[in-house]
1. Please work out the Cα center distance from the stretch 103-172 to the stretch 327-394, rounded to the nearest Å.
2. Contact order normalised by length for the stretch 20-390, with contacts defined as Cα pairs under 8 Å and 6 or more residues apart; what percent is it?
3. Just subtract the alpha-carbon distance of Arg393 and Met338 from 0.36 nm times their residue separation and send over the number in nm, one decimal.
4. Could you pull out every one of the lysines with an alpha carbon less than 17 Å from that of Lys387, ignoring same-chain neighbours closer than 8 positions?
5. At a 10 angstrom cut-off on C-beta neighbours, averaged per residue, how do the peptides 340-352, 76-88 rank from highest to lowest?
6. Taking the Cα atoms of the chain alone, what are Rg (to one decimal) and Dmax (as a whole number) in Å?
7. Give me the net charge for the shell around Ser201: Cβ to Cβ below 15 angstrom, other residues only, Lys and Arg +1, Asp and Glu -1.
8. Looking only at the stretch 325-369, which residues have a backbone nitrogen under 14 Å from a spot 7 Å from the Cα of Ser46 in the C-beta direction?
Amino acid sequence: MSRQENIQKRRDYSGPVFFSGGFRPFFFGAGVFAIINIALWAAYVSGHAISGLTLTATWHSHEMLFGFVAAAVTGFALTAIPNWTGRLPLRGFPLALLFLVWVLGRIFMAGQAPTAPVVDSLFLVLLTLFAGREVLAGKNWRNLPVVLVFAVFATANILFHLEQTGYISVEGDANTNVGFRLGIASIAMLLSLIGGRIVPSFTENWFKTNGMSARTIAFNGFDKAVLATSLVILLTWVFSPNNTALTLGFFAISGLHLVRLSRWQGWKTTSEPMVLMLHMAYLWLPISFALLGVEIILNMPNLGIHALTTGAMANMIVAVMTRATLGHSGQPLKTNIMTNVTYVSVWLAGLTRVTSFFMTDNYINWVQTSATLWVIGFLAFTIGYSKYFFKPRI
């Protein structure tokens, strides 16, 4: 199919606007679920029981990673893959069906339905199969590593359920679960891989558009070394989280990612929040890796994990969702008050959640503050951006 035929077929779509592109249902779903999950969890840790729901630390951990993050990743993937391969996007009934599987997974997991592990696991398996088919059909070999990450993420979710249902032995809370750590590690690598493409690329474009002489450093051997070293350290952590040698490893990759970020000169983008936020989101990666090292030294379980989830993942998600939504809706790539509230609130939510670990006398208050900021941020996103999910591209 020629490029012109492809464009014409995209224009010929006459189904519901909401299912005309993957970013629409899945970014919307991610925004709404981010609010629901944290609001319910904040109520639970404050001692308020939720009738009809069995909320536990395991549910919260699983749903934030394999529910919220998975939806945002899917929205990105279904939007980016057609651009990578030149093939038609998933839309209409197949997209609606995939979204339904994700929604059912959230409902079944909240209600502890016996079939919840199967329905929930099916979603990421379907995403991986679709991504693999498209990348292979489009001979887009450069993005095979991304498909591999999706496959590992789907496998991690299955492992999580096998461990929780007793088929694989595990002790302790959800975060001692090998499947959970493997899921965290796979998304950390995805952020390193994709973030290492889009942050310098969008920054370079902004520099050129504004006639600036500043330039980012293109992907080279140093970036490959950062990714390879990160992969080794993260895999070691997945299968041997109490290995004290990991402390130096985490500090090392923290430094490497910080150097990598500095090569993109984000401090020169302060006049454009949409570009600056990409750098502020990526900054959470070296912070998170450093805190994973601190976690081992100070015996502070979950410190680094929360830095990765509420920090690196959440902030990169809002940075990408806002930019992609505007770009694929035909809107100018400019922030407004709702976007800025989203950025500031979600970034501060991550900061206060990490700080809470050091505030032992006032821990719950700090957690509640983080939850409040989180809900404000995603409310601003959902209210400010929902209109773009339901109306045609300009």
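Please treat every number below as a calculation from the coordinates, not as lab data. All values reported here derive from a predicted model rather than from experimental measurement. With ideal geometry, Cβ positions are generated from the backbone for all residues, glycine too; neighbour counts draw on all protein chains shown.
1. With the stretch 103-172 and the stretch 327-394 each reduced to a Cα centre, they are spaced 26 Å.
2. Details: 485 pairs, mean separation 64.3, N = 371.
Dividing the mean separation by the residue count of the stretch 20-390 yields 17 percent.
3. On the way: separation 55, 0.36 × 55 = 19.80 nm, distance 2.00 nm.
Going from the current span to full extension adds 17.8 nm.
4. Of all the lysines, those that pass the test against Lys387 - Cα under 17 Å, at least 8 places apart if same chain - are Lys334.
5. Working: 340-352: 21.5, 76-88: 19.2.
My ranking of the peptides, most packed first, is 340-352, 76-88.
6. For the chain, the Cα radius of gyration and maximum Cα-Cα distance read 20.2, 64 Å.
7. Values: positive: Arg142, Arg197, Lys208, Arg215, Arg260, Arg263, Arg323; negative: Glu204, Asp223, Glu272.
In short, +4.
8. Only 364-369 fall inside the zone, counting backbone N under 14 Å.
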